[in-house]
1. Check the range 109-122 and report whether any residue there is among the hydroxyl-bearing types (Ser, Thr, Tyr), part of a helix (DSSP H, G or I) and in the same structural domain as residue 81 (by TED's automatic domain parsing).
2. Look at the range 125-141 and say how many of its residues are outside any helix (DSSP H, G or I) and either of a type outside the set (D, E, K, R) or without any contact (Cβ under 8 Å) to a residue 40 or more places away in the chain (or both).
3. Scan the strands (runs of 3 or more DSSP E) fully inside the range 255-324 and keep the ones with 1 or more residues being over 17 Å from the mean Cα position of the chain (by Cα).
4. With respect to residue 72, is the statement that it is in contact with a helix residue (DSSP H, G or I) (Cβ under 6 Å, 6 or more places away or on another chain) and either in the same structural domain as residue 246 (by TED's automatic domain parsing) or within 22 Å of residue 286 (Cα to Cα) (or both) true?
5. Pick from 6, 19, 82: which is within 23 Å of the chain's Cα centre (by Cα), at pLDDT 95 or above and within 12 Å of residue 103 (Cβ to Cβ)?
6. Give me a count of the residues in the range 136-189 that are over 19 Å from residue 286 (Cα atoms), modelled with pLDDT under 95 and surrounded by 16 or more Cβ atoms within 10 Å (Cβ to Cβ).
7. If you go through the range 150-158 one residue at a time, do you hit one that is out of contact with any Asp or Glu (no Cβ under 9 Å at 6 or more places or on another chain) and on the phi > 0 side of the Ramachandran plot?
Amino acid sequence: MKVLAVCGTRPDALKMAPVIIELRKHPNEVKLFLAVTGQHREMLKQVLDTFGLQPDYDLDIMLERQSLCQITTRALEGLDKVFNDVSPNMVLAQGDTTTTFVAALTSFYHKIPFGHIEAGLRTENKFDPFPEEINRRLTSVLADLHFAPTDRARNNLIAEGIPDRAIYVTGNTIIDALLMIAAQDYTFEDERLERAVSSGRLIVVTAHRRENWGEPMRRICCALKRIVSRYPDVNIVFPVHKNPVIREIVFPELRDIDRVTLIEPPDYVPFVHLMKSAYLIMTDSGGVQEEAPSLGKPVLVLRNTTERPEGVEAGNARLVGTDIDRMVAEASKLLEDRTAYETMARVANPYGDGHAAERIWNAIRDFGIHKQ
């Protein structure tokens with residue numbers, strides 16, 4: 001069986017890597033091809049290098065400040081050529097990126113079964129997150145196999161008319177990747193990070209979502225300044241996304257603030273160990289919401305909605321939005337109230353046990369057998 005795995009962004013590659021590694025354990029049953037669109041250029045390469053993955057096809061679609069229409073059309077044209085070359089029996093992509101939606105659409109055009117990893121996540125708001133919510137919904141309409149990370153995600157799919165027989169609850173593959181890396185010993189090469197980790201309580205911050213561009217990003221920066229001003233033992237490390245829309249705000253606002261360290265987006269290995277060293281995490285990233293609970297780290301979600309409510313319901317995460325007073329108050333509570341902190345830190349991770357890739361492979365194998 002020829003399987004084509006498609007990745008576009010750093011999170012795509014992170015969550016696809018355990019599946020690729022698992023499929024490559026079975027060379028007598030599957031021949032795997034990897035295509036990357038390059039929707040994230042440098043950040044995608046970091047992850048591929050970390051897991052020793054070499055793309056068979058690299059579409060290199062990235063243009064500076066390109067529109068969603070440009071991403072969509074360039075990915076569609078590029079993947080069409082890859083499909084013609086490979087003639088796969090199945091296509092896999094994960095999550096909510098434009099690359100994933102386009103991979104599903106191209107599969108439909110070529111009448112090839114499509115497997116959606118991390119299927120069924122919903123916020124019920126078509127513009128939040130944008131365009132990810134609609135990317136997920138459109139992908140679900142086109143997919144043949146739906147690998148749902150949780151029972152809630154499965155129920156979302158069933159409510160939308162997806163047949164139960166096409167849904168497999170697997171856990172999230174990001175936990176597979178995380179546990180591989182977190183088990184390794186690590187020393188930070190960057191002296192600034194080593195100093196931030198060792199000199200007090202560390203808050204790790206990531207923010208890049210479209211809904212936080214502009215004024216919300218400015219409010220996030222303002223809240224971070226208040227937090228370090230209020231707590232002299234707190235250090236903040238903020239890996240700043242490569243997108244100039246974000247950098248044009250974050251660097252002027254925070255680069256001269258004492259105990260705030262702005263760094264380039266790190267490779268996955270140091271980022272995992274940065275999270276592992278954190279006291280708490282503030283993020284608008286979906287992946288980080290899933291990863292942090294496995295490391296016992298409370299998460300303040302810098303969004304008004306989340307397609308990952310399991311963490312909020314379990315108590316690992318708290319939605320705080322981007323109101324300055326709310327962000328500062330919620331961080332302060334965790335910094336001052338040990339009981340509140342421990343309550344969030346000790347909750348079991350609802351997103352997986354590290355064996356999602358094995359379950360996905362078993363489902364793919366069964367599907368291939370039944371198609372013969």
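The values are calculated or read from the model by the stated rules, or taken from the named source; none is laboratory data. Predicted, not measured: the structure shown is a model, and the values here were computed from it. Don't worry about glycine lacking a Cβ; one is built from the backbone with ideal geometry, like all the others, and counts go over all protein chains shown.
1. yes
2. Adding up the residues that qualify gives 6.
3. 260-263, 280-283, 317-319
4. Considered against the rule, which asks whether it is in contact with a helix residue (DSSP H, G or I) (Cβ under 6 Å, 6 or more places away or on another chain) and either in the same structural domain as residue 246 (by TED's automatic domain parsing) or within 22 Å of residue 286 (Cα to Cα) (or both), residue 72 comes out as yes.
5. 6
6. 2
7. no
To keep it simple, each residue is scored yes or no on (1) among the small types (Gly, Ala, Ser); (2) free of Cβ contacts under 8 Å to residues at least 12 places away in the same chain; (3) in contact with a helix residue (DSSP H, G or I) (Cβ under 8 Å, 6 or more places away or on another chain); (4) not assigned by TED's automatic domain parsing to the domain that holds residue 231.
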{"site": "91", "(1), (2), (3), (4)": "no, no, yes, yes"}
{"site": "97", "(1), (2), (3), (4)": "no, no, yes, yes"}
{"site": "101", "(1), (2), (3), (4)": "no, no, yes, yes"}
{"site": "153", "(1), (2), (3), (4)": "yes, no, no, yes"}
{"site": "156", "(1), (2), (3), (4)": "no, no, no, yes"}
{"site": "180", "(1), (2), (3), (4)": "no, no, yes, yes"}
